[in-house]
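A short write-up of the structure that comes next.
FYI, it's all coordinate maths here, none of it is from the lab. Quantities reported herein were computed from a predicted structural model and do not represent experimental measurements. Counting neighbours? That spans all protein chains shown, and the Cβs are built from the backbone with ideal geometry, glycine included.
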2 protein chains.
Amino acid sequence: MGARAGIVVTGTEVLTGRVTDRNGPWLAEELRRFGVDVAHVLIVGDRREDLRSALRFLAGTGVDLVITSGGLGPTADDLTGEVVGEIQQRPAELDVALEHRIHAIVTALMSRRGWLVDPAATAAGVRKQALVPLGAAVLEPVGTAPGLVVPVADGQGGPPIVVLPGPPAELQGMWPAVLADPIVQAALSGREEVRQRTLRMWNTPESELAATLRTLEPGLGGLEITTCLRGGELEIVTRFGAPEQTAYDDLATALQSAYPDTLFSYDGRTVDDMVADALAREHLTIATAESCTAGLLAGRLTERAGSSEWVLGGLVVYSNAAKRDLAGVPEELLERVGAVSAEVAAALAEGARSRLGADVGVGITGIAGPGGGTAEKPVGLVHLCVAGPSGQLPRTIVLPGSRTDVRTRSVTLAMHMLRELLVGSQ
Amino acid sequence: MGARAGIVVTGTEVLTGRVTDRNGPWLAEELRRFGVDVAHVLIVGDRREDLRSALRFLAGTGVDLVITSGGLGPTADDLTGEVVGEIQQRPAELDVALEHRIHAIVTALMSRRGWLVDPAATAAGVRKQALVPLGAAVLEPVGTAPGLVVPVADGQGGPPIVVLPGPPAELQGMWPAVLADPIVQAALSGREEVRQRTLRMWNTPESELAATLRTLEPGLGGLEITTCLRGGELEIVTRFGAPEQTAYDDLATALQSAYPDTLFSYDGRTVDDMVADALAREHLTIATAESCTAGLLAGRLTERAGSSEWVLGGLVVYSNAAKRDLAGVPEELLERVGAVSAEVAAALAEGARSRLGADVGVGITGIAGPGGGTAEKPVGLVHLCVAGPSGQLPRTIVLPGSRTDVRTRSVTLAMHMLRELLVGSQ
């Protein structure tokens, strides 16, 4: 067994879902790449006793390192540094030089934002952030809050605790300093390479895959396989140590031959990667015309840097007038078959192509709900069409779930239709 | 102290961030509304030993109820039911009637999707899902997996464990049955009302707020106040029992008088609510023309049901040709000042208004990065303009962070500019 770490994410706003935690998963994945296994991520509110019990639990699981995120701000509910110092039995002391450095950062930041500074308020906040448990290493601030590496007091047992700020950009910016810290390096000296490979399937039931995996079972020892279904996509992630590479290769080959049509990605690439690569490679341009998804497909297609090379733009055609005036859908067609119809989806795809002068066009029209459904056109009914130089690919589906589910699943389906049109195979 | 619960979210895909957990926060908030406090959410991978230690930790914190999500599927990595049965010392038995019900659901689902069914694979998966710890109550499937309420074996101490499926729609659909279950009701009999109120500020530094809260401190006993900064918005959430209502009202009044210009929401309403309400109330329509945000603002404006009453549509103008042809930005202007300029943002806003015949138009153009920045126009530079019948509101900003950060913060800023234009005050 190699090195192991535990993670505590603090913040009542995270515990109650007002903010989605991005730090726990990010840290878990970075640690894995570094060869460190993570068994638990604990989310706790801004309460002293709950943070204490979470830290004690992780120490009790025998991990080599504990990492916390959040609770380093200037407000009274930010208490991570203090509680960690107490757990590690290291009383806090003001680091005057650090106080000066933080003060300079904070005042520069406020003046850049044009905010009025209350000197006393600022000084009190900064002083709180410059309290350092005796014997802890300071990680220089990336934003305003410094991080800490706090070993347990001499003569006591327990893992060192790395204390990081909550804002993901600050935490991620501080990460290289964490890995370079001598206390962290000593704690994780037992790390071993953990490989991770991902296969992706589209339109295969999870139970089929489960049955296939059962038949392969005798050869799967040492492979940690997890499958996850979301929005019609089945992701198979396998983790293993270097000696299991051959067992993994055998598994991948067996699955490829069992699912030649639906296993669309062997190398971890997402449908987004495949569509972007195909557009770039073929020097094709793309444009969208979206009704119920209202720009979300265009937003997804432009997530990656450099997408301006192939994405020309799009039309958000929420009203019928916009469908007619912007995308050129004939008024007569809208009246005859209605806005939510296969014909209008095709007209939107072609309208996007012609209005933006793109090679490929995508049209989406549907009923995201929760209102607006009828017996013939229920909530969740979505018509999609992808049109390219070689022809059209239409699809009609009734999607389950909430308004948000219907919208995001429609976008994912459109991505797979683009893959089909551009890369081929199902 | 009222009733308390702990939550375990299972799934290696959640632990490693391939899937964002929506169940932990949702359950925490529902429990709060029901009068139950949650101190910890634990995320564990699909490993027996890690799930066991998480369940034991929560039982050890003295909670009245434990709730798990995930790990109820047909694949071998789905092991929650089995581990919970073992922890509660209740061996599993096949529930034949339940097996038949699940089988009917699964085959109907597959035939609706047009998937070929392998009868043996299906039967094996279904049998696994119909294993029930002796003496546990079954919660009928909403999707394919049943939930469980598993009390600890007679004569043993410990909280009952509620086992729920991972897909959020299934978990949420099963929730009413959880609250109606007699074992759950008995466990949570000590529940007490926990009120929660939210104030929102825009453009106030967190350290200023911290200083204000310190001056109010003597009156804040019994209020659990958490503040959270994201994308320039400062959210102040306060939880308290019914006897503390007056203390909370005093706090809210004090903050309102301290921050008359920047405290924009007293009643939990979001900027999205305020913009939507203003558009609906004034019978105004809106349209967008987005470059760097590429449809994300249109997507956000249409998140809520009924938005088709005021959102007409939008233009995603990624290329210069699209800015010219779709939004009517003069070629001469693009050449003279460049696509990323205050002038083009204003032209986009007016172009959106006129092309879609809307009352209000929003134009956004910027450099989301990571490439494309220059000394004069750095990555993160964004020009926005909101235009309405009463005039234009322009803004220029340099946003920090990643490509995703720049895009989402631009959208949030645009929402606040709309609020300013439509609702007034800063």
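In region A:195-265, Cα pairs under 8 Å separated by at least six residues give a relative contact order of 46 percent.
Each 10 Å bin from 0 upward holds the following percent of the Cα-Cα pairs of region B:4-187: 10, 39, 37, 12, 2. Between this copy and the others, label points of A:Q245 are 6.8 nm apart in ascending order, each placed 7 angstrom from Cα in the Cβ direction.
Here A:Y248, B:Y318 are placed in order of increasing Cβ neighbour count within 10 Å, fewest first, which gives A:Y248, B:Y318.
With a Förster radius of 41 Å, plug the Cβ-Cβ distance of B:L109 and A:R56 into 1/(1 + (r/R0)^6) and report the FRET value to the nearest 0.05. With a Förster radius of 41 Å, E is 0.40. Measuring nothing but how far apart in sequence close Cα pairs (under 8 Å, 6+ apart) lie, relative to its length, chain B scores a relative contact order of 10 percent.
For region B:363-403, the normalised intensity computed at q = 0.16, 0.22, 0.31, 0.34 Å⁻¹ comes to -0.44, -0.67, -1.02, -1.14 (log10 of I(q)/I(0), Debye sum over alpha carbons, equal scatterers, no solvent).
Restricting the calculation to alpha carbons of region B:155-237 gives Rg and Dmax of 19.6, 57 angstrom. Shielding by partners for peptide A:226-239, expressed as the average number of C-beta atoms from other protein chains within 10 Å of each residue's C-beta, is 4. Between identical copies, the spacing of B:N203 label points, each set 7 Å from Cα toward the C-beta atom, reads 5.2 nm from nearest to farthest.
Taking the Kirkwood radius as Rh and the Cα radius of gyration as Rg, region A:97-163 has a ratio of Rg/Rh equal to 1.10.
Annotation for B:V96 and A:R281: the two label points, set 7 Å from Cα along the Cα-Cβ direction, are 5.5 nm apart.
Nearest chain B C-beta to the B/A rotation axis, reported as residue and distance in angstrom, is B:G295, 1.
Summary for B:P218: label point 7 Å along Cα→Cβ; distances to the equivalent points in the other copies, ascending, 8.0 nm. Each principal axis of chain B carries a Cα extent, and these read 79, 65, 42 Å when sorted largest first. Size of the protein assembly as shown from its Cα atoms: along the principal axes, largest to smallest, the extents are 74, 73, 52 Å.
Compared with the dominant Cα axis of chain A, that is its longest principal axis, helix A:48-60 is turned about 90°. Full extension of the chain between B:E309 and B:R214 gives 29.7 nm of extra length, using 0.36 nm per residue less the Cα-Cα distance.
Using the Cβ-Cβ distance between A:E193 and A:D250 with R0 set to 22 Å, the FRET efficiency from 1/(1 + (r/R0)^6) comes to roughly 0.70. The alpha-carbon atoms of region A:195-265, seen along their principal axes, cover 33, 21, 17 angstrom, with the largest extent given first. The mean number of partner chain beta-carbon atoms within 10 angstrom of a residue's beta-carbon across peptide A:321-328 is 4.
Here the spin labels are modelled as points 7 Å beyond Cα on the Cα-Cβ line, and at B:V398 and A:I183 they lie 3.6 nm apart. Of interest is the spacing of the C-alpha centroids, which for region A:369-426 and region A:169-240 amounts to 30 Å.
Using only Cα atoms, tell me the angle between helix B:245-258 and the longest principal axis of chain B; keep it within 0 to 90° and round to the nearest 10. Helix B:245-258 and the main axis of chain B meet at about 20 degrees. Computed about the Cα centre, the dipole magnitude for region B:271-423 is approximately 260 debye when only Lys and Arg (+1) and Asp and Glu (-1) carry charge, each at its Cβ.
Between A:N203 and B:L134, what FRET efficiency follows from the Cβ-Cβ distance if R0 is 51 Å, with the result rounded to 0.05? The calculated FRET efficiency here is 0.85. Tell me the angle of helix A:23-33 to the major Cα principal axis of chain A, expressed in degrees between 0 and 90 and rounded to the nearest ten. Helix A:23-33 sits at roughly 90 degrees to that axis.
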